[in-house]
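Report on the following structure.
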Amino acid sequence: MVNMNSNLNFFDAQVEKNWLNYINLDGITKRYSAKEFYEEMQIDPSERVRAINLINSKVLSTLTVGSLFKGGFTNYFIICDPAYGIICEKCNSYGAIILLLDQNLKSNFENKIFLPATENYINFSTDLYWLILHHYPAIPVNYKTDYWYCPYCNEMHGFEYDSDYGLMYNQDVVKILE
């Protein structure tokens with residue numbers, strides 16, 4: 001009989017290791033504020049369409065390129081999280097764009113929740129989920145500082161944390177004024 005807790009601990013350690021590999025290798029070269037991100041989604045609707053297409057295709061997570069010339073990533077990531085269930089109650093979407101505003105992306109993982117949910121990866125066969133995990137990394141969310149954006153509804157939202165339910169996608173629309 002396999003010990004599920006030891007497998008989950010190993011999985012969690014691998015998720016953190018993968019994230020650190022991405023951040024240490026290329027890093028975040030383009031960092032958006034909440035206002036800049038929201039304005040970018042208004043100016044360039046093709047990014048919203050790309051997010052919708054990836055969510056509809058059930059791609060678990062997508063890193064976004066920071067610069068064609070410098071490489072690296074932006075601080076927003078497209079996720080599809082069907083194991084969580086409906087993320088946006090207004091449009092019934094299973095996906096969102098996650099905007100990481102937490103400045104500390106390399107540590108403090110005990111106070112962050114990785115998205116998409118672990119169950120999304122474990123649903124694959126044992127051999128395949130490691131490959132999926134490497135290609136579609138989980139993203140560390142700090143519910144106090146980070147946001148989620150619904151590309152279908154064109155709305156920004158925050159996160160909440162409940163000790164019984166864990167990380168929750170707050171449904172209140174955040175007005176971006178900064």
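The values are calculated or read from the model by the stated rules, or taken from the named source; none is laboratory data. Since this is a predicted model, take the numbers as computed values, not measurements. All Cβ positions, glycine included, derive from the backbone under ideal geometry; neighbour counts span all protein chains shown. Heavy atoms of the whole protein, side chains included, go into the accessibility calculation; ligands, DNA and RNA do not. Shrake-Rupley method; radii C 1.70, N 1.55, O 1.52, S 1.80 Å.
General remarks:
- Residue within the range 21-43 that is hydroxyl-bearing (Ser, Thr, Tyr), in contact (Cβ under 8 Å) with a residue 60 or more places away in the chain and exposed (fewer than 15 other Cβ atoms within 10 Å of the Cβ) present: yes
- Considering residues of the range 64-91 that are more than 15 Å from Met156 (Cα to Cα) and open to solvent by 40 Å² or more (accessible area, probe 1.4 Å) only, the residue modelled with the highest pLDDT: Ile86
- Failed condition for Glu178, given (1) assigned to a loop (DSSP other than H, G, I, E, B); (2) farther than 18 Å from Ser57 by Cα; (3) out of contact with any helix residue (DSSP H, G or I) (no Cβ under 6 Å at 6 or more places or on another chain); (4) modelled with pLDDT under 95: (3)
- Filter pass, Ile97 being modelled with pLDDT of 95 or more and in a strand (DSSP E or B): yes
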